[in-house]
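Taken together, the values in this text are just the output of simple stated rules run on the coordinates, not laboratory data. Every value quoted in this text rests on a predicted model; they were computed, and no experiment measured them. Cβ placement follows ideal geometry from the backbone for every residue including glycine, while neighbour counts extend to all protein chains displayed.
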Amino acid sequence: MTLRSITNAVCFTCICLYSSIGFAQELAIENEFETTIGSDFFDSEQRQRFFAMTIGGHKPFTSGDNFMGKGLEGKSGIDFKFQMYVYKHFFIGLATGASYFDVKNQELVGSYRKSRIAENYAYFGYEFLPTDKLRLGLNMSIDGDLDYKNTGFSTADIAEQHDSAKLNRYGVYLHYELASHFMIYVDYAYNVSKTNIDVPFQLDDFFGKGKYHSIGVGLVFTIGNRDLISRFIN
Amino acid sequence: MTVLSCEVQLEANTRILVEGTIRDQDNVPISEAKISVLTKRGNYSSSENQYILGEGYSNADGHFSVISLYDGDEDFAIEIDGGDAYSTYVYKTNTLEFTPLDLTFNLETVNLKKTATFNYDIVRTSGTSNTLSYSFKYLDGFCLEYYDGSTLNEYQSSCYQEHVLGQFLNDNNPDTEWLFSLPLGEVVTFTYSINDEPEQTEFITINQDNYDFTFNY
C-alpha cells in the first residue's frame, strides 16, 4: 500500500464523515414523522444503511506448517473498506490494506528481515442485527490480490523483492453503534494466501499457501438509510 | 543525465533449494558449517560484497538444505564455510545461462579439509649486516569450483592453490613474525638464503592445529 493510496483513503474518510453527518441531520428531520420500527435479527428498515466506510488497524497472526506460519511473525496492519448495501443487509465491498511481518526464520524464506503484504480485494457478506446497538457481519472475499514486498537485506543494493498471491478471506465483524451513522468495530478474518511462487517440487506444499489470521479494531461511518435496490423499487 | 545503479534485482516469485552434505577428509560429517547463497561474490577467498540471498547451517549429519531467494547473474555463488577449523568451498556458476529446471542446486557431498595455522617467527641472532631471503610455499585452504551448467570448468576453478609468501630481511627489518592457514597434513616448503649464499630448503609437515615455527639466522 503506497503513501498515495493512504492519503486518498484518509481524504475519502473525511469526505464520508462530512457526508455522513450531513445525511444524518437530513434524515433525522425526515424520521421525526416515521413510525418507529423495532429491531429484528435479520432485517430492520430503520437501521438500514446504504454505504459503510471503515478505517482501522489490525494485528496479523501467522499459523500452520507453511512459509508464513514458520517463517513470518505478524506485527501490525491497516485497513480501509468501503461497502455498499445492495439489498437489505446484503452487501458488497472493496477493501485495501496492508499487513506487516518480521521474518523469524530466514533459513525458510530467504535472507530478508521484513515483509509487507499489500491486500486488495472485493468481498460480499450479510449483516445481522442481534441487538439495538450491535451489527454482526459475515463476509468473504470474491477476488483478492496480495503483493509481498520483502525488504531488509544485508546490503542496501538489494532494495526489495516481490512475491504475489491470490487471497481467500473469510471474516466476521461486530459494529457497535455510538450514533446512528457512527460506529466502532472489532473484526476477525482468516486469510489464505495462494502464492504464485515457483519452488522445487518438495517445497510446493510449504510455499503454495500461506495462512494468517487478523484481529482488528477501527471506526465505521455510514451514509444513507436505504439499500441500493430499494431505491429503485420503492 | 544517466545514473548508473548497482542495485541488484532479485527474481520475483522464486525460491531455490540448495542442498548437500559436508564431510571432512576422513569422511566425518561437519555440523554447523555456514552455507551462504550469494550473488556478485567475486573469486577470492574473502568475498568482495555481501549480497546474501539465503543462509543456513549443516546439521549433525553434515546435511544442509537452504531455501534462498534467486538472482539471475553471471556471478552466482554458494559458499560453504566450515569456520576456522576447516577450509572454505565455493560453488560458482552463471545463472544467466543456467538455471536448474527443478530450481534445486544439489551439491552432493562437499569435502572440506581440516585446517591448521602456521605461525612463524624469524629472528636475527648473528648480529648486524647479516641478511636473509626466505619464502614459504604452501597450499591455501580455499577451493572454488566453477560450473558451466553441470560441467566443471577447470580453467575458471581454483582449488587449494599453491601460494608463495616471502620477504628479504636486513638491518632495516631484521626480524619478522606472521601466520597463515593451510590444510592440516600438508607440507610447507621453506626456502632461504643467508647473505646471498646458495638457497637451502626445508620441508615442514603440518601435523598439529597450531604449528609454531622458529628460525634464527
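Rounded to the nearest Å, what's the spacing between the alpha carbon centres of region A:41-81 and region A:156-234? Just the number, please.
5
In a Gaussian network model over chain B where Cα atoms closer than 10 Å are linked, find which of B:TYR147, B:TYR70, B:TYR138 has the largest mean-square fluctuation.
Comparing B:TYR147, B:TYR70, B:TYR138 in the GNM, the peak value goes to B:TYR147.
Skipping prolines and chain starts, which residues have an amide H placed within reach, meaning under 5 Å, of the one on B:ASP148, given they are 5 or more residues away or on another chain?
B:ASN153
Can you work out ³J(HN,Hα) from phi for every residue in region B:182-194, in order, using Karplus 6.51 cos²θ - 1.76 cosθ + 1.60 and θ = phi - 60°, giving whole Hz and x for Gly and Pro?
Going residue by residue, I get 7, x, 5, x, 6, 10, 9, 9, 9, 10, 8, 9, 9 Hz, with x marking Gly and Pro.
When the chain is fully extended, how far beyond the present Cα-Cα distance does B:ASN111 get from B:GLU197, taking 0.36 nm per residue of separation?
Details: separation 86, 0.36 × 86 = 30.96 nm, distance 4.26 nm.
Here the answer is 26.7 nm.
In whole Hz, what ³J(HN,Hα) sequence does region B:167-180 give by Karplus (6.51, -1.76, 1.60; θ = phi - 60°), x for Gly and Pro?
Whole-Hz 3J(HN,Hα) from phi for region B:167-180: 6, 10, 10, 8, 4, 5, 8, x, 10, 7, 8, 6, 8, 8.
Under Stokes-Einstein, with the Kirkwood radius over Cα pairs standing in for Rh, what whole-number D in µm²/s applies to region B:16-111 at 37 °C and 0.692 mPa s? Display every interim value, and only then the final one.
Details: Rh = 13.4 Å.
It comes out at roughly 246 µm²/s.
Which ³J(HN,Hα) values in Hz, rounded to whole numbers, follow from the phi angles of region B:74-80 under the Karplus curve 6.51 cos²θ - 1.76 cosθ + 1.60, where θ = phi - 60° and Gly and Pro get x?
After applying 6.51 cos²θ - 1.76 cosθ + 1.60, I find 6, 10, 10, 9, 10, 10, 10 Hz.
Give A:LYS70/A:LYS211; B:LYS92/B:LYS113; A:LYS59/A:LYS149; B:LYS92/B:LYS137 a once-over and call out the pairs whose C-alpha atoms are over 21 Å from each other. Walk me through the numbers on the way to the answer.
Values: A:LYS70/A:LYS211 10 Å; B:LYS92/B:LYS113 19 Å; A:LYS59/A:LYS149 18 Å; B:LYS92/B:LYS137 27 Å.
In this structure, B:LYS92/B:LYS137 exceed 21 Å between Cα atoms.
In a shell of Cβ-Cβ distance under 12 Å around A:THR131, excluding A:THR131 itself, what net charge do Lys and Arg (+1) and Asp and Glu (-1) give? Working shown, then result.
Numbers: positive: A:ARG47, A:LYS133, A:ARG135; negative: A:ASP40, A:ASP132, A:GLU177.
Value of the local net charge: 0.
Between A:VAL186 and A:VAL86, 0.36 nm times their residue separation minus their Cα-Cα distance comes to what? Don't skip to the answer; put the middle values down first.
Values: separation 100, 0.36 × 100 = 36.00 nm, distance 2.27 nm.
Computed gain between A:VAL186 and A:VAL86 is 33.7 nm.
Can you list the residues, at least 5 places off or on another chain, whose amide H is less than 5 Å from the amide H of A:LYS104, using H built in the peptide plane?
The list, which skips near neighbours in sequence, is A:LEU72, A:GLU73.
Taking neighbour Cβ counts within 10 Å as the exposure measure, how do A:HIS175, A:HIS213 sort from fewest upward?
Fewest to most other Cβ atoms nearby, the residues stand as A:HIS213, A:HIS175.
Around B:HIS63, which amide H atoms from residues at least 5 apart in sequence, or from another chain, sit under 5 Å from its own amide H, with H modelled in the peptide plane?
Here B:ILE22 satisfy the definition.
Rank these for me by crowding, B:ILE52, B:ILE16, B:ILE122, going from fewest to most other beta carbons within 10 Å.
On the way: B:ILE52 23, B:ILE16 28, B:ILE122 20.
Placing the least packed residue first, the sequence is B:ILE122, B:ILE52, B:ILE16.
If we count every other residue with Cβ under 9 angstrom of A:THR195's Cβ, Lys/Arg +1 and Asp/Glu -1, where does the sum land? Walk me through the numbers on the way to the answer.
Details: positive: A:LYS166, A:LYS194, A:LYS209; negative: A:ASP163.
Overall, the nearby charge balance is +2.
Considering chain B as a Gaussian network with a 10 Å cut-off on Cα pairs, which listed residue, B:VAL187, B:VAL37, B:VAL123, attains the greatest mean-square fluctuation?
Result for chain B, Cα springs under 10 Å: B:VAL123 fluctuates most.
Sort B:CYS143, B:CYS159 by Cβ crowding within 10 Å, fewest neighbours at the top.
Numbers: B:CYS143 22, B:CYS159 15.
Taking fewest neighbouring Cβ atoms as first place, the list is B:CYS159, B:CYS143.
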